[in-house]
């Protein structure tokens, strides 16, 4: 089992969600996040004074998947989240030891 | 003056104007409140509301009398005892065009907003109790006397016998300040500079981003200030008359021109016209036209506004060069705008304007020479120096005795919580008061246990 995490532009969330749903995922977790990558944020100007806003608003999206789906889901995420412009985000996956469905106590793949 | 009877139209206008000016202080609270960080929004607004409360009381007790009582010497101060507690002012004067009490109320709200304006210079870092003490002392020894200098006109009866002696700037010097460019804006602006020097820079100034937390509040506040300012300026005609109407139009058009001036400056300098720039342009234009609104033509008003917008947009950058943390640009907007508007009268005083007709004078650009110009400069500098020196003094004494500056820790954690035990916004999910009300969440009992509904499943 794998945990796939994607950091994406907030306005791409709907598109990414639709793409994942048509792929057939069972669930996801979305949270608001902020951070920066190579683009190092942006500048804002207030009464002529420049402020560098280096922590840019992002959406963090997490999906637990079966090992064999992981690569495809990463592809779906990357394809649907891409605008081609700087700040599109990142997608990664990590192995997961165990998963438990809280309501029933089911474990592992059954809990997905 | 011929005996008059009560002019109901004028009385209604003065009372309406007073109410409009009162609204400016909550408007200022929004304007300033939106500009600070979320952790100090309440304190910023409370400084305005604190001034509203305290100065109203002081005005009734002795402030009105110090400003508009009979002069006790040299045009420097009104007699504080003459109208102490507004005594003798309740009964109607059958010959007055409007009740003195209407004038008392109208001038009260001027005193309030002048004090409130200063608070923008010391955002995020002033102990609230000391701010209140400062407000009381500053109003008593700076504003009330200066209002006497500028706003208290000498009165004579039909036989040209002086019945009331006023202040020196209005009468001996004859500088024109229709609604308070000197008494309100130069006065508050330079006091802000003095306090910013006394209190020092905020922790992290120029290192941390201190951008405005809510520009929609700032825009709302600027709108309310503009609205209320029609009472401030047109109400200063003290009558429902032609002067009030001229002033109204000049106030509209100068402010509009200042917004354009500020936005053009930003567009050319920074690349983007900003909403904060528009809101600031509103205030800069209003400040600059305040002394001049009865003295210039509508074209003159456009010139004053346009220049004010550009000048103030450039002046707000000064604090970074000179190294003082005038947090919300009281100096750049009120001092600079007030000086410009006051001095511009010397150039743009139109002989056809209400003030031009009553003073029988005209400005440098209308062939009137430099006579009015030097009067304007002297009036502006006198208020500037007096207010700056006394404010520095009051500030230093308070800092050394009761302490003016918040502790560094409280300042970093946020003044709202430290000084008022409150937070302005309750929007986070985990710490929100909505938490217990959200579906799927459980209210926490006093003993700390989670309270569960009875299990649905048997």
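Read-outs throughout are calculated quantities, based only on the coordinates presented, and are distinct from any laboratory measurement. Here the structure is a predicted model, which means the values were calculated and not measured. Glycine gets a Cβ as well: all are built from the backbone with ideal geometry, and neighbour counts include every protein chain shown.
Can you give the Rg to Rh ratio for segment B:8-413, taking only C-alpha atoms and Rh from Kirkwood?
0.96
Sorted from fewest to most neighbouring beta carbons within 10 Å, what does the list B:336, B:104, B:190 look like?
In increasing order of surrounding Cβ atoms, one gets B:104, B:336, B:190.
Which order do peptides B:246-257, B:351-362, B:198-209, B:107-118 fall in by mean Cβ count within 10 Å, highest first?
B:107-118, B:246-257, B:351-362, B:198-209
Return the Rg/Rh value of segment B:1-122, two decimal places, where both radii are evaluated on C-alpha atoms and Rh is the Kirkwood radius.
Here Rg/Rh amounts to 1.07.
Within 10 Å of each residue's Cβ, count the other Cβ atoms and sort B:177, A:110, B:71 from fewest upward.
A:110, B:71, B:177
If you take the beta carbon distance between residue B:89 and residue A:55 as r and set R0 to 41 Å, what does 1/(1 + (r/R0)^6) give as a FRET efficiency, to the nearest 0.05?
That pair, residue B:89 with residue A:55, gives E of 0.10.
To the nearest 500 deg cm²/dmol, what mean residue ellipticity at 222 nm is calculated for chain B from DSSP H runs of n ≥ 4 alone, each contributing -39,500 (n - 2.57), summed and divided by the residues?
-17500 deg cm²/dmol
Take residue B:155 and residue B:7, extend 7 Å from each Cα along the Cα→Cβ direction, and tell me the distance between the two endpoints in nm.
1.4
Given a Förster radius of 22 Å and the C-beta distance between residue A:32 and residue A:86 as r, what FRET efficiency does 1/(1 + (r/R0)^6) yield to the nearest 0.05?
0.60
Picking from A:85, A:60, A:47, which is most flexible by a Gaussian network model of chain A using Cα springs under 10 Å?
Largest GNM mean-square fluctuation: A:47.
With n ≥ 4 as the cut-off for DSSP H runs, can you work out [θ] at 222 nm for chain A, using -39500 (n - 2.57) per run divided by the number of residues, rounded to the nearest 500?
Using -39500 (n - 2.57) per qualifying helix, the result is -7500 deg cm²/dmol.
If R0 is 60 Å, what FRET efficiency do you get for residue B:385 and residue A:62 from their C-beta distance, rounded to 0.05?
0.40
Within 10 Å of each residue's Cβ, count the other Cβ atoms and sort B:407, B:243 from fewest upward.
Going from least to most buried by this count: B:407, B:243.
At what distance in nm do the modelled label points of residue B:129 and residue A:72 sit from each other, each positioned 7 Å from its Cα along Cα→Cβ?
Roughly 7.0 nm, to one decimal.
So how far apart, in nm, are the two label points at residue B:242 and residue B:420 if each is 7 Å from Cα heading toward Cβ?
Calculated label separation equals 4.8 nm.
Be a star and scan segment A:47-75 for residues whose amide nitrogen sits under 17 Å from the point 7 Å along the Cα-to-Cβ vector of residue A:13.
A:56-63
To the nearest Å, what is the center-to-center distance of segment A:67-112 and segment B:224-241, using C-alpha atoms only?
64
Within 10 Å of each Cβ in peptide B:265-276, how many partner chain Cβ atoms are there on average? Round it to a whole number, please.
Averaged over the peptide's residues, the number is 2.
Over all directions, the average projected area of the alpha-carbon convex hull for segment A:2-111 comes to how many nm²?
Averaging across all directions leaves 8.5 nm² for the Cα convex hull.
Shape call for the protein assembly as shown from the C-alpha gyration tensor, a ≥ b ≥ c root eigenvalues: rounded (a/c under 1.5), prolate (a/b greater than b/c) or oblate?
prolate
Taking Cα atoms, how many degrees apart are the long axis of helix A:67-81 and the longest axis of chain A, rounded to 10 and kept between 0 and 90?
30
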